[in-house]
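Here the structure comes first, spelled out in structure tokens, and everything after it is commentary.
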Amino acid sequence: MAQQDQVTSQVASRATRSTQGKAPLSLKGSDILENEVNIVKDGKRGVDPAPTPNPQSPLTPHKISRVEESSLSNALQKLKLLSLTPKKTTKDTKIKKRQAGPPPSTQQQESETNIQEAQAVAEASNAAPVANSRLKLTNFFPTRRSDRKSKADLLKEQTDSMEAALIAQDDTKLGIEVVMMDNKGRGIKAVKNFSKGEFVVEYAGDLVDVKTAEDLEAKYSMDTSKGCYMYYFKYKGKQYCVDATSESGRFGRLLNHSRIHPNCRTKVVMLDDIPRLILVAKQDILAGTELLFDYGDRSKESLKAHPWLSL
């Protein structure tokens with residue numbers, strides 16, 4: 001009884017809801033509630049263990065709580081609220097935008113697209129020759145070389161032919177012949193066609209200096225039946241004269257004069273460091289045409305003595 005009175009006095013000294021004007025809670029109700037909690041924890045039913053009295057803190061209804069469940073649920077909720085992904089801040093976004101630079105314009109995008117397409121086309125074109133590098137046109141068609149000669153080849157042939165004619169000193173194989181012309185005497189006609197610039201014949205004779213030529217000309221003038229076949233020319237600043245008065249069987253000395261309609265002209269060439277006077281076609285010449293060139297004598301005395309020099 002004394003112990004029960006002590007418990008009663010302690011309960012009376014504590015503030016309960018009954019002191020605030022509410023209905024008092026009985027100790028029996030709290031014992032039953034505690035007993036039910038213990039039953040749930042122990043997993044037993046139908047057992048009503050006796051309460052263990054605590055002399056310092058008597059059992060009260062507000063002391064009963066399910067600490068385990070509330071703490072576990074709070075921990076799970078906190079874990080759900082936690083995020084492993086770092087949050088993006090405005091500062092990080094601004095830094096990335098500065099590093100990335102301004103967005104490309106539409107023109108830049110089009111130019112980049114055009115460059116990529118051009119690169120793709122170039123790669124494809126480069127790949128095609130590599131694939132067909134072993135194929136040649138001659139694998140399918142026979143090689144045919146042109147028979148046409150270049151200008152250099154033609155010029156070389158003409159030069160070689162001219163040098164051979166100058167060395168041979170035989171004019172009968174040059175495609176020309178000696179004929180008798182009305183009111184002129186002897187003359188030269190073409191037996192074959194000559195192209196413009198082609199070698200015709202050499203004005204062959206003795207190569208003398210000017211002083212010797214003047215003395216010979218004075219001598220020839222004493223014999224009118226003999227005539228004068230002297231041709232003066234200048235080459236690289238020096239005067240020369242070819243004396244073709246003597247009969248030599250060469251054809252160049254027999255070409256007649258024409259100041260108005262010449263179809264040949266004189267030209268100087270070097271052979272073994274000696275100037276040689278030749279005649280070349282001034283224009284295309286057909287076979288059967290008389291070969292003429294301008295003697296170039298315009299002196300009054302000559303024109304008076306030989307009026308045909310003006311023709």
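The values are calculated or read from the model by the stated rules, or taken from the named source; none is laboratory data. Not measured: the values here are computed from a predicted model. Quick reminder, even Gly has a Cβ in these numbers, built from the backbone with ideal geometry, and neighbours come from all protein chains shown. Only protein heavy atoms, including side chains, enter the accessible area calculation; ligands, DNA and RNA are left aside. Shrake-Rupley method; radii C 1.70, N 1.55, O 1.52, S 1.80 Å.
Overview of values
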| read-out | value |
| --- | --- |
| Subset of the stretch 286-301 (residues that are closer than 15 Å to Gly252 by Cβ and of a type in the set (A, V, I, L, M, F, W, C)) | Leu291, Leu292, Phe293 |
| Residue, surrounded by the most Cβ atoms within 10 Å (Cβ to Cβ), within the stretch 210-257, restricted to residues that are of a type outside the set (Phe, Trp, Tyr) and closer than 21 Å to Asp284 by Cα | Gly252 |
| Hits in the stretch 258-268 - residues which are in contact (Cβ under 8 Å) with a residue 40 or more places away in the chain and open to solvent by 20 Å² or more (accessible area, probe 1.4 Å) | Arg259, Ile260, Thr266 |
| Filtered residue count, the stretch 172-183, keeping only those that are outside any strand (DSSP E or B) and farther than 16 Å from Glu247 by Cα | 5 |
| Those residues of the stretch 184-238 which are assigned to a helix (DSSP H, G or I) and in contact with a Ser or Thr (Cβ under 7 Å, 6 or more places away or on another chain), in sequence order | Tyr220 |
| Leading residue by the ranking (nearest to the chain's Cα centre (by Cα)) among those in the stretch 171-209 that are open to solvent by less than 30 Å² (accessible area, probe 1.4 Å) and on the phi > 0 side of the Ramachandran plot | Gly175 |
| Where a residue in the stretch 275-303 is more than 22 Å from Gln158 (Cβ to Cβ) and its partner, wherever it lies, is open to solvent by 60 Å² or more (accessible area, probe 1.4 Å) and not in a strand (DSSP E or B), with Cβ under 7 Å and at least six apart | Asp294/Arg259 |
| Conditions (1) under 20 Å from Thr266 (Cβ atoms); (2) in contact (Cβ under 8 Å) with a residue 12 or more places away in the chain; number of the one not met by Lys234 | (2) |
| Residue identified as closer than 12 Å to Phe199 by Cβ and either exposed (fewer than 12 other Cβ atoms within 10 Å of the Cβ) or modelled with pLDDT of 65 or more (or both) among Thr159, Thr143 | Thr159 |
| Condition check for Tyr235: aromatic (Phe, Trp, Tyr) and either over 22 Å from Thr159 (Cβ atoms) or in contact with a helix residue (DSSP H, G or I) (Cβ under 9 Å, 6 or more places away or on another chain) (or both) | no |
